[in-house]
1. If K174 meets every condition in (1) surrounded by 15 or more Cβ atoms within 10 Å (Cβ to Cβ); (2) within 23 Å of A81 (Cα to Cα) apart from one, which number is that one?
2. Would you mention how many residues in the range 190-233 are in a strand (DSSP E or B) and either polar (S, T, N, Q) or surrounded by fewer than 12 Cβ atoms within 10 Å (Cβ to Cβ) (or both)?
3. Is one or more of the residues making up the range 186-195 in the same structural domain as I171 (by TED's automatic domain parsing) and over 29 Å from I49 (Cβ atoms)?
4. Quick check on this structure: which one of R218, R268 is within 30 Å of N51 (Cα to Cα) and not acidic (D, E)?
5. Take residues that are of a type in the set (A, V, I, L, M, F, W, C) and over 13 Å from L77 (Cβ atoms) and tell me which of the helices (runs of 4 or more DSSP H) falling wholly in the range 15-64 contain 3 or more.
Amino acid sequence: MGYFSSMSFDSAIMEPLGQQLRRQRRRLGLTLDDLAARAGISKPYLSLIENSRVPNPPSDEKLKRLEETLGFGEGELLAQAHLHRTPRDVRAVLGRLLDGKNSGDGKPGKRMAGSLSAKNLSVGDLSAVALSGALREMASQEAKGNGGAVMGNAVPVINQKPDQYVGCPEICDKEAFAARVQGDSMVPRYRQGDIVIFAPSLPARDGDDCFVKFADGRTTFKRIFFEVDGEGRAPVVRLQPRNERYRPKVVKNEEVSGMYRAVFRYQRVDGD
């Protein structure tokens, strides 16, 4: 039985993969220790998956092991993971096609209606279609036709080479970006290897953890506080590390060209 035969497209997309894994594990009466032993995946990593604290779905190999261990149909978790990696605008177009809501007016959706009907799509087809350039182009054309911009939930990691993207369904800021934490100045809340997502559309507030960009091009990640200098006249920004071993730094407002609030964090799990 295909994954989408018992669940609507929208509900399947919106429910986090980790929640599905937890529900099925509990239905089978398995503890995290049991699942870790049977699937050959570490318990800490499984816990982070169930709590949606990893930047991307697990590898296809791990997903296949989880499918077998938890009794999912072949390819169910793979399709779900692939669709979660797909930008929200593309998913919306696919959902409308599956719901049979094509307008029949000759637009791109009409040309693909025959091959995208809910009747003849398999789980594998769903993954392939959702990730296809053709569907992305459809989403783009539809957005332009409605006078809107194409919005997605793939966030670029700016200090990672080669270029890398992480999925974040909760983010809707088209200017959002992510950065991998370097060093230990922000422990214990953040540690090296964590990926933090920042939202430029949100105002930076006193006490926020922010990606700070200086006028000379340098950057840092610190907790910010808005203050005045020792004479009580000029506004300054105090850059406060969370690690008590490091001293804060106070800079003039004009030295800072941007402060972007941290809104989401993916923790690194060593060995997984």
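1. For K174, the exception is condition (1).
2. Quick first cut of the range 190-233, residues in a strand (DSSP E or B) only: 195-199, 209-214, 219-228.
This time we only want the ones that are either polar (S, T, N, Q) or surrounded by fewer than 12 Cβ atoms within 10 Å (Cβ to Cβ) (or both), so: 219-220, 228.
Going through the range 190-233 one residue at a time, the tally reaches 3.
3. If we filter the range 186-195 for residues that are in the same structural domain as I171 (by TED's automatic domain parsing), which is where we start, we get 186-195.
If we keep only those that are over 29 Å from I49 (Cβ atoms) as well, we get none.
Checked the range 186-195: no residue is in the same structural domain as I171 (by TED's automatic domain parsing) and over 29 Å from I49 (Cβ atoms).
4. Details: R218 fails: within 30 Å of N51 (Cα to Cα).
Being within 30 Å of N51 (Cα to Cα) and not acidic (D, E) holds for just one of R218, R268, which is R268.
5. On the way: elements: 17-27, 32-39, 43-50.
By residue number, 32-39.
The values are calculated or read from the model by the stated rules, or taken from the named source; none is laboratory data. None of these values were measured; they are calculated from a predicted model. Positions of Cβ are backbone-derived with ideal geometry, glycine not excepted, and every protein chain shown enters the neighbour counts.
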